[in-house]
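One structure is given here, and the rest of the page talks about it.
Please treat every number below as a calculation from the coordinates, not as lab data. Keep in mind that what you see is a predicted model, and the values were worked out from it rather than measured. Cβ: placed from backbone, ideal geometry, glycine included. Neighbour counts: every protein chain shown.
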């Protein structure tokens, strides 16, 4: 890890090179990011609206799941999509490509996975904070392109101490978030669908910065 963080890339055996995560993300702005729609009309409408007003890091276009499956091995694209495990739904950014390609710059991998809802969503109301989630993954990708420390450490690397009031009561928190309250913060609790686990996020209400993320 120390060697990877200190070098932009390291010559390995044969013709292959080993690149740091930062180096593997350097093409992000030059690639098209495909936003994978879910097929759920209401959720897709919200996703389209928020991406259209908030996505700034790269050219983007929308695609369906079938198009994603057909093109996920192509290094020409990055993908933004919802992924799931037994507990949570994640907003996941993936670099397209074959994970087994000898050229590491063409290998696909998950860039960032931000928990955003339980695995079993009930009507999509859990995504009321979607504007913040989109801004957070963009902030991480931007910082990861500048720093191997961020690229390897993940979302915790972009957290900073919360300043100002932290709204913990759900209705109060939502009102402060929707109003874009200056110097405010909201606590977002994301429960698991299958266990007692949960994520707790603290996010600023005006700039949508991630102040903390904890899995309990």
*asked:* I need the semi-axes of the equivalent ellipsoid of region 96-154: take the C-alpha gyration tensor, multiply each eigenvalue by 5, square-root it, list largest first in whole angstrom.
replied: 27, 17, 8
_Sorted by Cβ neighbour density within 10 Å, fewest at the top, the residues 85, 125_ = 125, 85
*Only bridges with both residues in the chain count here: give the DSSP antiparallel percent, nearest 5.*
75 percent
*If the viscosity is 1.002 mPa s and the temperature 20 °C, what translational diffusion coefficient in µm²/s does Stokes-Einstein give for region 19-96 when Rh comes from Kirkwood over Cα pairs?*
161 µm²/s
*asked:* As an exercise, use a Förster radius of 41 Å and the Cβ-Cβ distance of residue 189 and residue 103 to find the FRET efficiency, rounded to the nearest 0.05.
replied: 0.45
*FRET efficiency for residue 178 and residue 146, Cβ-Cβ distance as r, R0 = 41 Å, nearest 0.05?*
0.85
*Residue-span extension gain [residue 42 to residue 62] - 0.36 nm each, minus C-alpha spacing*: 5.7 nm
*Taking 0.36 nm per residue of separation and subtracting the Cα-Cα distance, what length does fully extending residue 207 through residue 31 add?*
60.8 nm
*Once you have the Kirkwood Rh of region 16-157 from its Cα pairs, apply Stokes-Einstein at 37 °C and 0.692 mPa s and quote D in µm²/s.*
212 µm²/s
